[in-house]
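Undergrad: Pasting a structure below so you can have a look.
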Amino acid sequence: MLQFRVFPGGKRRIVTFSYDDGSRNDVRLIELFNKYGVKGTFHLNSRVFDDKNEDERRAFIDRYRGHEIACHTVHHGWPTRMPASTLIAETMDDRRALERYAGYPVVGMSYPSGDYDDRVISALSACGIVYSRTTKETFGFGFPDDWLAWHPTCHHRDAEAPTAEFLSTLDSEWKRPLLYIWGHSHEFKTEEDWAKQEKLVASLAGHEQIWYATNIEIYNYCEATRRVVVSADEKTLCNPSALDVWVERDKKEVFVIPAGKTVALP
Ligand SMILES: [Zn+2]
């Protein structure tokens with residue numbers, strides 16, 4: 001029996017962070033993430049470009065290198081209260097503004113104020129958005145049923161218990177692999193707040209079982225696993241995607257199927 005429940009590098013767990021609104025505290029948060037080797041996704045409102053010149057805009061985006069930047073609409077309105085045409089403009093204009101400096105397609109998103117419904121999801125889907133995070137805490141560790149309603153594990157203020165639970169299972173057989181922590185860096189107001197966040201990040205860092213990934217890396221990897229074509233006898237696997245994919249056989253052997261290759265398993 002084959003199962004796609006192994007992640008890049010043969011790892012069994014994933015940790016991701018997601019921070020909204022692009023406050024100046026992001027700079028310090030990124031330093032913290034870099035110090036501990038964890039990855040984050042930063043959901044940005046391109047209205048922040050309004051009072052910036054070309055060089056300042058480039059510098060603003062450059063501070064996020066090594067992490068992902070994603071949409072959060074231009075003006076941070078309420079998506080369910082907007083005409084569909086306004087929501088589409090708010091999303092596409094945000095994409096265009098961010099992509100101009102990002103150098104890659106910006107197709108991730110989080111809902112401003114966590115506000116969405118089915119109509120919002122279909123509008124975003126038409127805008128090429130492939131995932132969007134909500135603000136609904138699950139306190140669970142599974143992948144989303146719908147990438148356009150991606151509920152995080154928890155907000156960072158509530159992360160202590162879920163993090164302890166997640167870490168306690170690192171070496172056990174377990175089906176739910178993903179710890180997803182979200183928040184706003186402007187919520188770190190005091191040195192005490194920063195110390196608490198550093199303690200959280202440090203506790204999650206440096207574990208060989210964990211893949212530290214941005215939101216889009218998780219989405220892309222999961223999509224790549226779904227594209228693998230498997231022969232009826234489960235011996236020949238074709239990976240047509242541009243990402244290496246790991247597969248597990250009989251809950252013990254792990255094989256890598258390189259990007260763009262067809263592989264015969266022993
Ligand atoms: Zn926001």
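The values are calculated or read from the model by the stated rules, or taken from the named source; none is laboratory data. What you are looking at is a predicted structure, and each value in this text was computed from that prediction instead of being measured. So basically every Cβ, Gly included, is an ideal-geometry build from the backbone, and we count neighbours across all protein chains shown. Heavy atoms of the whole protein, side chains included, go into the accessibility calculation; ligands, DNA and RNA do not. Shrake-Rupley method; radii C 1.70, N 1.55, O 1.52, S 1.80 Å.
Undergrad: Tally up the residues in the stretch 18-72 that are under 24 Å from ASP115 (Cα atoms), of a type in the set (Val, Ile, Thr) and touching a strand residue (DSSP E or B) at 6+ places or on another chain (Cβ under 7 Å), please.
TA: Of the residues in the stretch 18-72, 2 are under 24 Å from ASP115 (Cα atoms), of a type in the set (Val, Ile, Thr) and touching a strand residue (DSSP E or B) at 6+ places or on another chain (Cβ under 7 Å).
Undergrad: Sticking with this one: Is it true that GLY103 is open to solvent by less than 70 Å² (accessible area, probe 1.4 Å), of a type outside the set (Ser, Thr, Tyr), on the phi > 0 side of the Ramachandran plot and away from the ligand (no atom under 16 Å from the Cβ)? So that I can check it myself, show each step before the final result.
TA: On the way: open to solvent by less than 70 Å² (accessible area, probe 1.4 Å): no; of a type outside the set (Ser, Thr, Tyr): yes; on the phi > 0 side of the Ramachandran plot: yes; away from the ligand (no atom under 16 Å from the Cβ): yes.
Spelling it out, it is not the case that GLY103 is open to solvent by less than 70 Å² (accessible area, probe 1.4 Å), of a type outside the set (Ser, Thr, Tyr), on the phi > 0 side of the Ramachandran plot and away from the ligand (no atom under 16 Å from the Cβ).
Undergrad: Would you mind stating whether GLU137 is within 21 Å of SER203 (Cβ to Cβ), assigned to a loop (DSSP other than H, G, I, E, B) and out of contact with any Lys or Arg (no Cβ under 9 Å at 6 or more places or on another chain)?
TA: Values: within 21 Å of SER203 (Cβ to Cβ): yes; assigned to a loop (DSSP other than H, G, I, E, B): yes; out of contact with any Lys or Arg (no Cβ under 9 Å at 6 or more places or on another chain): yes.
It is true that GLU137 is within 21 Å of SER203 (Cβ to Cβ), assigned to a loop (DSSP other than H, G, I, E, B) and out of contact with any Lys or Arg (no Cβ under 9 Å at 6 or more places or on another chain).
Undergrad: Can you find even one residue in the stretch 199-217 that is within 16 Å of the ligand (Cβ to nearest atom), of a type in the set (A, V, I, L, M) and touching a helix residue (DSSP H, G or I) at 6+ places or on another chain (Cβ under 6 Å)?
TA: We begin by selecting, within the stretch 199-217, every residue within 16 Å of the ligand (Cβ to nearest atom); these are 215.
Narrowing further to those that are of a type in the set (A, V, I, L, M): none.
Within the stretch 199-217, none of the residues are within 16 Å of the ligand (Cβ to nearest atom), of a type in the set (A, V, I, L, M) and touching a helix residue (DSSP H, G or I) at 6+ places or on another chain (Cβ under 6 Å).
Undergrad: Select, from SER125, SER168, SER113, the only residue that is more than 16 Å from the ligand (Cβ to nearest atom), closer than 29 Å to ARG57 by Cβ and open to solvent by 50 Å² or more (accessible area, probe 1.4 Å).
TA: Criteria check complete, one pass: SER125.
Undergrad: Where the second residue is of a type in the set (D, E, K, R) and more than 12 Å from the ligand (Cβ to nearest atom) and the first is over 15 Å from ASP20 (Cβ atoms) and lies in the stretch 72-89, which pairs have Cβ atoms under 9 Å and are six or more apart or on separate chains?
TA: THR80/ASP117; THR80/ARG119; MET82/GLU90; ALA84/ARG119; LEU87/ARG119
Undergrad: Continuing with the same structure: Here is a list of conditions, (1) surrounded by fewer than 20 Cβ atoms within 10 Å (Cβ to Cβ); (2) within 26 Å of ARG5 (Cβ to Cβ), and THR135 meets all of them except one; can you say which number that is?
TA: (2)
Undergrad: Would you mind listing the strands (runs of 3 or more DSSP E) fully within the stretch 177-266 where at least 3 residues are crowded, with 16+ Cβ neighbours inside 10 Å and touching a residue at least 40 places away in the same chain (Cβ under 8 Å)? Break it down into steps so the answer makes sense when it comes.
TA: Numbers: elements: 178-183, 210-212, 236-238, 245-249, 253-257, 262-264.
Those strands (runs of 3 or more DSSP E) span 178-183, 210-212, 245-249.
Undergrad: Another one. Here is a check on your reading of the model: is TRP211 within 19 Å of the chain's Cα centre (by Cα), modelled with pLDDT of 95 or more and closer than 19 Å to ARG13 by Cβ?
TA: The answer is yes for TRP211.
Undergrad: A follow-up question, please. Please indicate, with yes or no, whether at least one residue in the stretch 140-149 is within 16 Å of the ligand (Cβ to nearest atom) and touching a residue at least 24 places away in the same chain (Cβ under 8 Å). Give the steps one after another, and end with the answer.
TA: So the first thing to find is which residues in the stretch 140-149 are within 16 Å of the ligand (Cβ to nearest atom), and the list is none.
For the stretch 140-149, residues within 16 Å of the ligand (Cβ to nearest atom) and touching a residue at least 24 places away in the same chain (Cβ under 8 Å): absent.
Undergrad: Residues of the stretch 83-97 being open to solvent by 30 Å² or more (accessible area, probe 1.4 Å) and in a helix (DSSP H, G or I), which ones? Reasoning before the result, please.
TA: At the first step, the residues of the stretch 83-97 found to be open to solvent by 30 Å² or more (accessible area, probe 1.4 Å) are 83-86, 88-89, 92-93, 95-96.
Across the stretch 83-97, the qualifying residues are ALA84, SER85, THR86, ILE88, ALA89, MET92, ASP93, ARG95, ARG96.
Undergrad: Let me ask you something else. List the number of the failed condition for VAL15; all other conditions in (1) within 19 Å of PRO112 (Cα to Cα); (2) among the hydrophobic types (A, V, I, L, M, F, W, C); (3) buried (at least 23 other Cβ atoms within 10 Å of the Cβ) hold.
TA: (1)
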